[in-house]
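Read-outs: derived from the displayed coordinates by stated rules, not from any lab. All values derive from a computational prediction rather than experimental measurement. So basically every Cβ, Gly included, is an ideal-geometry build from the backbone, and we count neighbours across all protein chains shown.
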Amino acid sequence: MHWLAVQFPRLSVELRERVQAEAVALALVDMQGSAGTLLQVNAIALQAGLRTGMTTARALAMLPELQLCTRDPAAEVQALSHWARLLYSLAPQVVLLEEISPALAVDISGNTRLQQDDTLLQVVAAWAAATRLSVRVGVAPTPLGAALLAQWQGAGSRSGFCLEPTDWALLWPQIPITLLPCAAATRTALLALGVRHCAQLQALDRADLIRRLGPESLHVLDRLSGRTSDPRPALSFPVDPEVSIPLYSEIRHWEGLRFALHRALQDLQLLLRTQAQASRSWLLQLQGRERQWSSTLEVRDPTTNVETLLTLWQWRLQQQPLDFAVHTLHLQALAPQRWPGRQATWWQDGAEEARWQLVEQLRQRLGDVAVHAVAGVADHRPDYAWQRVPPGAGQGEANAARPLWLLAQALPLHAPSLFLPAQVERIEGGWWDGRDQSRDYFRWRHPGGALCWVYRDRRQGRFYVQGYFA
Amino acid sequence: MCRAILPEYAELHCLSALSFLRGASAVEDLLDRAQALEYRALAITEECSLGSAARAHSHARNIGFPLILGSEIALTDGPRIVLLVRERDGYVALSRFITRARGRAGKGHYQAHMADLPELMGCLAIILPDSQSLRFDAADAIAVRDCLGAENVWLGVELLRGGDDAAQLREVLEQGRALDIPCLACGDVHMDRRSRRFLQDVLTAIRLRRPLADLGWALARNGERHLRPRPVLAELYPPELLAETLRVAERCQFSLDSLVYRYPDGACPAGQQRDDYLAELARQGLQRRYPQGVDTVVATQLEAELALVRELDYAGYFLTVHDIVQFAKGRGILCQGRGSAANSVICYALGITEVDPSRMQLLFARFISRDRREPPDIDVDFEHERREEVIQYVFQHYGRDHAALTATIIHYRPRSAMRDAARALGFAPVEIQRLTQGLAWWDGRQICPERLQEQGFDPTSPTIQRLITVVNALVGFPRHLSQHVGGMVLSATPLNALVPIEPAAMAERTVIQWDKDDLDVLGILKVDILALGMLSVLHRALDSLGMTLADIPAEDPATYAMLQCGESLGVFQVESRAQMSMLPRLKPRCFYDLVIEVAIIRPGPIQGDMVHPYLRRRQGLEPVRYPGPEVKKVLERTLGVPIFQEQVMQIAIDAAGFSGDEADGLRRAMAAWRRKGHLGPYTDRLIRGLRLHGYSEAFAQRLCQQIQGFAEYGFPESHAASFALLVYASAWIKCHHPAIFTAALLNSQPMGFYAPAQIVQEAQRRGVEVLSVDICHSDWDCQVQDGVLRLGLCLIKGLSPKEAERLLHWRAQGGALHSEALRHGLGLSAAALHQLAHAGALSSLHGDRHQALWAVQGSLPLPTALPMPVVPEQAPALPAETSAAACIADYQQLGLSLGPHPLHFLRKWIAQSGYRSIAEVRMQHHGRPDRLAGLVTHRQRPGTAHGTVFLTLEDESGMINVIVWPQRVEGWRRALLQGRLLGIGGRLERQGASVHFIADAMEDLSPWLGTLSTRSRDFH
C-alpha cells in the first residue's frame, strides 16, 4: 500500500496571517495562566530565530513586536475540509490523522500515475499555493508513517518519500521518539530512559515495556511499521440534495417562476423527508443564456415546508427585478441535517409560529440587517445601554426607568424655558474605552407636549434630547 | 451661596485607601480636604477595620481638625451599618468587635452578626440603605435600634444623584418617622475629590477581578462619592438632615490620646520591682561576661544606662527581650541582637547582644535618648529555621490577647500595578505578560513610555496612555495588609482593646491592624524577632565540630589571610561582588577591620566619598591628619575618616559640645536630610560648636558635607560590630573546616548570595571531596565524614521530608534499598521513587539514571486488581546516559552537578565563536581587550551606582565580575534582563588582586543552553 500524507505545520498562524492588514511576525501560543509556549510560528518569526516550544517571555524578549494569537477552530475545520475534498480528487479514501493534527492522508495505492514524486509534488504544491498554506508531504506504506515522514522531513533530515517496503523497514526505526503520537507523559518517560529513536524503543522487551508504560507506545510503533493494520474511517463527502428544472420556455418575471419553484420545493421535500432530513439553508440558481443568478435563503429552524419556503422566496425575489431570461431553475438544500419533524399538540397555539413567520418574511423583504431585536446592556451610559440582537435573543438588563424611544444620536436642544433642575440623574463613566461622559439627566416637558429625556453635558454646558417618554 | 448661611456639616461615613481596593484617597488627603471644605468633623470608617486610626489621629492632630473614628460593617444577618466611637469604652468595644468578626473568617474577611451588637455600648450606629434599592428593611432597622438603643441609632440618607433622589428622600423620611429612627445625611465617601473617580473604578475592577468594560452596574453610576462642598450638600439635603450630623459629631469626643498603653512587666519575680530586677540581672551578667573583673568604664556605663532606663520606665522592655532570648538559648537556638541595641551595656550584660563594650566604643544615646521620646527598638536575629518556635513561644507565654505581629501595608510596585491595571483595562493575558516583562526592577516607580514601545506597544495610542496614567496612579498605592517580617508587639492590657487583631495568612499567627510605622502614636513597643540564615549555618557547623561560638579562637591569621585574598564565598556579609573586590584592597587584619569592612560597602560611606580616602590612608598613599585631639580620639580608629553614625555623634559631643540627646537629634536630622535638603538648625550649631572648640571653618564645612553622605543609610558601629562577630566566625569555620562549612551552608538553603552550585564548586576548589546523593549513604542533610562531604537528600527537588524520613528509618532498620523493596516493603510513593531516580540517587544500586528509572518503573504496581505473576526480566537494552544528559538532569533535580560544568560541553562552540575561558581572561594584563562567555549567576544594579549594572559570570574555570556602564545598559537591556548565557567583549581591569571585566559588546547565547535549568540571583 501507499499512503500520501499532507501535514500543515503552521496552519493556525497562516490562517491568522490572512486576516492581518500587514506582514508581521506571528506565533500561536498555548497560555497556561500568565506563562505560555509557542506552538507555531510563521515564516517571519521563524526567520527572526523564534522556535516552537520557546516560552512567550523568551520570544517576546527576542522579538518585542511579535504578535501572539490563539487557535481559531472553525477556520481550521474549514481549511481542512477544503483540503480533504482536494485529496478526494486523487483517491476515494481520505482519512484524518487526529493524533498528528493537523494532517490528512489519502490511499494512493490504486493510482499508479501518482506514485511518481514529481507529479505528486506538483499537484500538492499547486494546491498549497492556491490555499496559501505551508504543507509537508510524506509517502509511506502506512498512513501514520506517511504523516510522520512528512513531519520529520520538515525538520530537515531527509526526503519524505518511501515507496518500497524494504526501504521502509530500514527507515521507520530512525524516526525520533519526539514525533511519536503518544501521551506526553509516555514520551517524557521514554526520553528520560534515554530512548531517542524508534529503534531503541523496539529493542526493549515488549512485555517489560508494557508493564512499565502501558502498550500505547508499542501500538503506535506497530501501526507505524505496518506490523499491525491501521484501519481508519474514511471521510465522507455527502452531496447536498438538489433538483434542476428546465423551463419549457424562457421566463422573464418572478411570477412566472413560481410554479417551477413550487415543484422544485416539492421534489426536494420528498427527497429530504425520505431521509428524515431538513435544511436551514437553500440555494436557488437561475440559469439564462447570458448569465446566471443565485441567492441563498437562511431560516431559523430546519424545514421542508413548501408553502413557508415558497412565501419566503417570493418576498425575497420581489425585492429586485429579473432582468434576464431564465431557462433553468436549480434548487439545492445546503447542509441538510437530521430532522425528525415536529409533533403538533391538540390545542396548538400558532401565535409563536406566526410571529416567527412574520419575522422571517420581514427579513426576506427588508434584508437580514434590517430586522433585529433590542436588548439591554449593563452600562450606566444610556448610549451604550442597549444593543441590537438577532430576533429571539435574550432581553438583557436595565437598572432604571428609560424612555421607550431612545434616539440613536442625541439632538442638541435650544429652548428658552429649559433649565437644570435641582434633582438630576448624574451619569459619569466610560473613561476606560475613550467614551467618557459626564451628564446630568432629567425629564422635561417640551412646549409642544412631548415628555423628553434631556441631559446637560457637564463639560460643554449644552443640553441634548436623548429620548422621549411620551 | 453666601458663606454665612451655608449649613454646617460633618461627614460620618468615609473610607480611605486603607479599606483596601475600595477607598481611592489617602486618609491624610481626606482630612485635608474636609478641613478645606470647612466641615465640622470627619469620621474615618474603614470596612471592619481601625487600620487607619493611628495615622488619621496623627494627621488630624497636626492640622487641628476634629476626627471621629469608626468602622463600616456588613452584618451577615442584618444591614450594613457604620459604627462611630463615642467614648473610650466605645473604642475598646469596637476594637474587640472587629477582632471577633475578623477572627471568625480567614485573612481578609470577616463575619459580624446582629448578636454581637449589644456589646457595642459607647458606640453610635448609622444604618445604611440597601445598595440596590437605596431603601431600608424595617425589620433590620428595628433590630439594630433595639440592640443599641433608640438614642444611638440613625438612618443614613445617601443622596448620590441617582435620578430618584426626591422619591428616595421622601420614602426614607417616612420610614424614619414610622420606625421612630431619626435620619441624617451621609455621603458614602470613597475619595477626597471627584477627580479620583477613575482610580476608584479601577480598584473596583481589581477587587471584583473583572475588566472595567464587564463591570456593568457594579461600577458606581457617577463620582458623587467624594467629599462634596457644602453648597452642593445644601442643594441635595434638607437642613435638618445636615444638622443631625453635627449632633452626632458632638457626641463623639473620643481621641486616641485617651488610650494608655502599658508594656508587660516582663518575667519579673513577684515582690520585686522591675528596675531592681533588671539591675540585678545586668550586674550578674557583667560578672559572667568578665570573670576577671569588670572594667571601671564599663561598670560606670552600666549604671548610667540603668538610671536612664529607670527614668524612662523601659525596664519591662529589656526584661521581655531578655526572657525571649533566654528561651531561645535554652532551646539551643542561636541568636544575637543587632542594630543600635548593640550600643547598650545592659544588652550585652543580659546576653541580648554580643558586642563587648570593653573592645568597642559604645554610644548609648544612639540606642535610647531622653529627648527622642521614642521607645527603644531591639532587633534580635534568630536561626531562620527555628524562629517560628520563638514566635510561638511569645504567643503562648503572653497570650494571643497580649501579643501579636505588627502589620505591613503592601503598596503597589510597578510590575504589580501594571498587571492589575492592564487586567482592569481589558488587555489579553499575552499582552499583560508582554507589558510586565518589559519592566526591569531598576526602572523606578513611574512607567516610561519607552519601555512599552520596546515591547511593541504604541505609547501615543489612547489605550496605552490610559494604561500609563492608571499604572502611575497605582504605584505606591496601598494594596493589602500583610504581616511584618518579625515585629511583635506586647501589651500588659489586652491588645485588642487598643487595636483590632486579625488572622494572618500563615497558620497560628495573628497580626494587629496597624502598620509598624503607626505604633509610635501610642508608644507601643515592638520587638523584632528576625530570621538570619547564617545563624542556622553557624549552629549546624558548630554542632558538627562540638564547639560553641565562644570556642572559636580570636584573631586567627589564616582566617584573615583567606579573607585578604577575597575568598569569601559563603562568608557572612562579605561574599557579595562588591565585598569580594574590597577585601583584597582593605586587607582586614583584625576584628575591627572586619567591622569597617562590613560598614564601608554601604550607600552612606559610598555617597559620602569616604571609601577611597580610607583606603588610600590605609595603604599609606595619603597622610592621616587630625584637626584636633577630640576628633583624633573619635576618628583615629578609622584613620580620620568618619564611617559610622556614632562617630559623627561623638564628634558633635566631644568636639562641638553637643549633649548626647542633641547628638541624637543631629543623627535624626542626618536621616531626614535627603527629604528636607538641609540639617536644619544643626548645621549652624555644629559649625559654631566646632569653631568654639578651636576647629577651623574649613574642617567644620567639610564635616557637614560628609554628614550629608549619611543621609543614605550608613551602619551604626554597634550594628557593624554585631555583624563582624558573625563574619569572623563564619570565615574561621570556612578556613579551617571547609567541608563542614559547606555542608552547613547547603543544609540552611535558601539563604546567602550564592546558589548550591557555586557553593559546591567553591568547596571543590578548596580541596573538599564531594560525593553525590546516594540512597545507600545520604542522610536528609548534607553530612561530612572524614572530611568528605556527602550531599543530602534535602537537595532533591520535590522530595518530601516525610518520605525521606521514612526511607532513612527503613534503611537504619536494615531494609533493602532496591526499588522493589522500597515500593512494596516500605511503601514509598511512586513520586518519591521517581525523584530519587531522576536525581541519580539510585545509581549505586541500578547503574545510571536510565537503568534506575527502568527499575523504578518496573516496581510500580500494574493498573489491575488481579494478582499478576512475577516475571523475571532481562537486562534492558537502554542506551547509556551521556555526561551531558547527566549534567542537565543534575541541574534540574539538584541545582548542581558534580560532573563537568555545563559550559564544558559547549566549550567547542564557545571557542569557535571567539570567546575564551574566564580563567584565561583573568590572566590578561590590565586594559587588554578580550572576549569571554559565561553563565549569569548574579545581576545587580545598586542605587549608588548611577545606573551601572554588575554581572557575575561563571564557567568551568571560575567566576568573574562584569561591569556594564549606564550608557550601554539600555542598548543591551533584553540580554541583561533575560540572558542566561552571555558572550561579552570588553577589556580587563585589574586593581591588585581585584579583577573586573568592562563590557563593550554583548551577545545573548542562551539558546545554546537548550533545556539546562539555571537561575540567577538578582539584587537591587
For B:Lys107, which lysines qualify as cross-link partners when the Cα separation must be under 22 Å and same-chain residues fewer than eight apart are set aside?
B:Lys516
If each of A:Ala126 and A:Leu270 carries a label point 7 Å out from its Cα toward its Cβ, how far apart are those two points in nm?
4.1
Report the extension gain between A:Ser281 and A:His219 in nm, rounded to one decimal, defined as 0.36 nm multiplied by the number of residues separating them, less their alpha carbon distance.
17.9 nm
Sorted by Cβ density within 10 Å, fewest first, the residues B:Met191, B:Met547
B:Met547, B:Met191
At 0.36 nm per residue, and after removing the present C-alpha to C-alpha distance, how many nm does the segment from B:Asp1000 to B:His777 gain when stretched out fully?
75.4 nm
Counting DSSP beta bridges with both ends in chain B, the antiparallel % (nearest 5)
65
Report the rotationally averaged projected area of the protein assembly as shown based on its alpha-carbon convex hull, in square nanometres.
74.9
Please work out the Cα center distance from segment B:408-479 to segment B:759-792, rounded to the nearest Å.
46
Fully extended, how many nm does the chain gain between B:Gln392 and B:Asp146 (0.36 nm per residue separation, minus their Cα-Cα distance)?
84.4 nm
Here the relative contact order (percent) of chain B, from C-alpha pairs under 8 Å and at least 6 apart, is 8
Please check which bits of segment B:926-947 a label hung off B:Arg765 would reach, taking the label as a point 7 Å along Cα-to-C-beta and the cut-off as backbone N under 20 Å.
B:926, B:931-940
Any idea how far apart A:Leu362 and B:Trp217 come out in nm if each label point goes 7 Å out from Cα toward Cβ?
2.8
Estimate the FRET efficiency between B:Glu38 and B:Val485 by the formula 1/(1 + (r/R0)^6), using the beta-carbon distance for r and 35 Å for R0, to the nearest 0.05.
0.25
So, R0 is 60 Å and r is the distance between the beta-carbons of B:Ala558 and B:Ala270; what FRET efficiency does that work out to, to 0.05?
0.70
About its Cα centre, what dipole magnitude does segment A:376-468 give when the only charges are +1 on Lys and Arg Cβ and -1 on Asp and Glu Cβ, stated in debye to the nearest 20?
300
With labels modelled as points extended 7 Å from the Cα through the Cβ direction, what inter-label distance (nm, one decimal) is found for B:Gln253 paired with A:Ala234?
10.0
Based on other C-beta atoms within 10 Å, arrange B:Tyr695, A:Tyr384 from fewest to most.
A:Tyr384, B:Tyr695
Pop the C-beta distance of B:Ala821 and B:Leu866 into the FRET formula with R0 = 35 Å and round what comes out to the nearest 0.05.
0.95
How many angstrom lie between the Cα centre of segment B:283-310 and the Cα centre of segment A:1-60?
75
Any idea how far the Cα center of segment B:969-1020 sits from the one of segment A:366-426, in Å?
60
How large is the helix-only mean residue ellipticity at 222 nm for chain A, computed as the sum of -39500 (n - 2.57) over DSSP H runs with n ≥ 4, divided by its residue count, in deg cm²/dmol to the nearest 500?
-10000 deg cm²/dmol
So what is the relative contact order for segment A:376-468, in percent, with contacts set as C-alpha pairs under 8 Å and at least six apart?
26
Could you list, in their original order, any pairs among B:Lys734/B:Lys797; B:Lys329/B:Lys526; B:Lys734/B:Lys802 whose Cα atoms are separated by more than 24 Å?
B:Lys734/B:Lys797; B:Lys734/B:Lys802
In chain A, taking the dipole from +1 charges on Lys and Arg beta carbons and -1 charges on Asp and Glu beta carbons about the Cα centre, the listed residue (A:Ser281, A:Leu39, A:Pro390) farthest towards the positive end is A:Pro390
Return A:Ile210, B:Ile98 ranked ascending by Cβ neighbour count within 10 Å, so the fewest neighbours appear first.
A:Ile210, B:Ile98
Farthest toward the dipole's positive end in the protein assembly as shown, which of B:Ile206, B:Pro801, B:Ala492, given Cβ charges of +1 (Lys, Arg) and -1 (Asp, Glu) about the Cα centre?
B:Ile206
Given charges of +1 on the Cβ of Lys and Arg and -1 on the Cβ of Asp and Glu, with all other atoms neutral, how large is the dipole of the protein assembly as shown about its Cα centre, in debye to the nearest 20?
2540
By the gyration tensor of its Cα atoms, with a ≥ b ≥ c the square roots of the eigenvalues, what is the shape of segment A:376-468: rounded for a/c under 1.5, prolate for a/b over b/c, or oblate?
oblate
Label 7 Å along Cα→Cβ of B:Asp77; segment B:126-168 residues with amide nitrogen under 18 Å?
B:137-149
What size of dipole, in debye to the nearest 20, comes out for chain A about its Cα centre when the only charges are +1 on Lys and Arg C-beta atoms and -1 on Asp and Glu C-beta atoms?
820
Along the charge dipole of chain A, Cβ charges K/R +1 and D/E -1, which of A:Met1, A:Val306, A:Phe237 sits furthest on the positive end?
A:Val306
